[in-house]
Amino acid sequence: MLIIRFFRSQSARNQAPAMAGVPRSMGNFGRNAAAQPKSDNVSSFSIPGIGSGFGRTAQASDEITMTQADLDIFQQRLTEVQEAFGLEDHAGLRRLATPEMVSYLSEELADNAKKGIRNDVSNVSLLEADIAESWREDDRDYATAALRYESHDVMRDRASGKIVAGEADRPTETTELWTFTRQNGGDWKLAAIQQP
């Protein structure tokens, strides 16, 4: 809850949506984001200004170590969440994200439906990833990953399927901070997304 509150307060202060990315209704979430195989070409990078100073002051005792397996799961979640969002799969979103995040995503889906549009994302490809920070609070682990990825991202009219924003043949590149959480070593779930 603390990290969600932080992201909300930061978003309000910066007048940027909590779900940041391409300046469309939902950013880079969409329907045809098929699972991408792991790539040995994915490199690591650092974004200045994040780390233990990002959102909280880390105590040495509450920092945790992340592995390549954790980063691989975050890469997988990137694609899975986009796919579930694009398919308007609420059950899938509940499996992949915290209740607070699901609530936010559901609001975005409802807003898109009212406008008669849907977000269609395909060919999601992670370009770079790095763990910005990771920590433990009581029985819950948190990790913020900086993810830079490329995708084909368009908004379509719900009735006709016609593209109303974006270019289907031109990929967009996005960099976002995805915060994940897990309880008692369980599955990682998406808790927040923010632009760096």
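How many residues does segment 176-196 contain that are in a strand (DSSP E or B) and either under 10 Å from the mean Cα position of the chain (by Cα) or over 19 Å from M101 (Cβ atoms) (or both)?
10
Please list, ordered by first then second residue, the pairs with beta carbon atoms under 7 Å, 6 or more apart or interchain, first in segment 125-149 and closer than 10 Å to D62 by Cα and touching a residue at least 60 places away in the same chain (Cβ under 8 Å), second open to solvent by 40 Å² or more (accessible area, probe 1.4 Å) and in a strand (DSSP E or B).
Correct list of pairs: S134/E63; W135/E63; D141/R182.
Six or more apart or on different chains, Cβ atoms under 7 Å: show the pairs whose first residue is in segment 80-108 and free of Cβ contacts under 8 Å to residues at least 24 places away in the same chain and whose second is of a type in the set (F, W, Y).
L93/F85
Determine the pairs where a residue that is within 17 Å of D138 (Cβ to Cβ) and of a type in the set (V, I, T), located within segment 175-188, has a partner that is assigned to a loop (DSSP other than H, G, I, E, B) and modelled with pLDDT under 95 with Cβ atoms under 9 Å apart, the partner being 6 or more residues away or on another chain.
That search, which allows pairs on different chains as well, returns T179/G55.
Give just the number: which of (1) open to solvent by less than 40 Å² (accessible area, probe 1.4 Å); (2) within 17 Å of E150 (Cβ to Cβ) does S125 not satisfy?
(1)
Which condition breaks for K114 when tested against (1) under 17 Å from the mean Cα position of the chain (by Cα); (2) more than 21 Å from E63 (Cα to Cα); (3) of a type outside the set (G, A, S); (4) not in a strand (DSSP E or B)?
It is condition (1) that K114 fails.
Check segment 140-155 and report whether any residue there is among the small types (G, A, S), in a strand (DSSP E or B) and more than 15 Å from T79 (Cβ to Cβ).
Yes, segment 140-155 has at least one match.
Tally up the residues in segment 151-163 that are surrounded by 15 or more Cβ atoms within 10 Å (Cβ to Cβ) and modelled with pLDDT of 90 or more, please.
2
Scan segment 81-107 for residues that are open to solvent by 40 Å² or more (accessible area, probe 1.4 Å) and touching a helix residue (DSSP H, G or I) at 6+ places or on another chain (Cβ under 7 Å) and report the count.
From segment 81-107, those open to solvent by 40 Å² or more (accessible area, probe 1.4 Å) are 83, 87-91, 94-95, 99-100, 103-104, 107; that's our starting set.
From what is left, the residues that are touching a helix residue (DSSP H, G or I) at 6+ places or on another chain (Cβ under 7 Å) are 88, 90, 94, 100.
Summing the residues that are open to solvent by 40 Å² or more (accessible area, probe 1.4 Å) and touching a helix residue (DSSP H, G or I) at 6+ places or on another chain (Cβ under 7 Å) in segment 81-107 gives 4.
Taking the condition of being closer than 21 Å to R95 by Cβ, of a type outside the set (A, V, I, L, M) and either touching an Asp or Glu at 6+ places or on another chain (Cβ under 7 Å) or open to solvent by less than 20 Å² (accessible area, probe 1.4 Å) (or both), how many residues in segment 164-196 meet it? Before you say what the answer is, go through the steps one by one.
Just the residues of segment 164-196 that are closer than 21 Å to R95 by Cβ, to begin with: 176, 178-193.
Remaining after also requiring of a type outside the set (A, V, I, L, M): 176, 178-189.
Within this subset, residues satisfying the condition of being either touching an Asp or Glu at 6+ places or on another chain (Cβ under 7 Å) or open to solvent by less than 20 Å² (accessible area, probe 1.4 Å) (or both) are 176, 178-184, 188.
Selection size over segment 164-196: 9.
The values are calculated or read from the model by the stated rules, or taken from the named source; none is laboratory data. Bear in mind that the values here come from a model prediction, so they are computed numbers and not experimental data. For neighbour counting, all protein chains shown are included, and Cβ atoms are generated from backbone atoms with ideal geometry for every residue, glycine included. All accessible areas refer to the heavy atoms of the entire protein, side chains included, with ligands and DNA or RNA removed. Shrake-Rupley method; radii C 1.70, N 1.55, O 1.52, S 1.80 Å.
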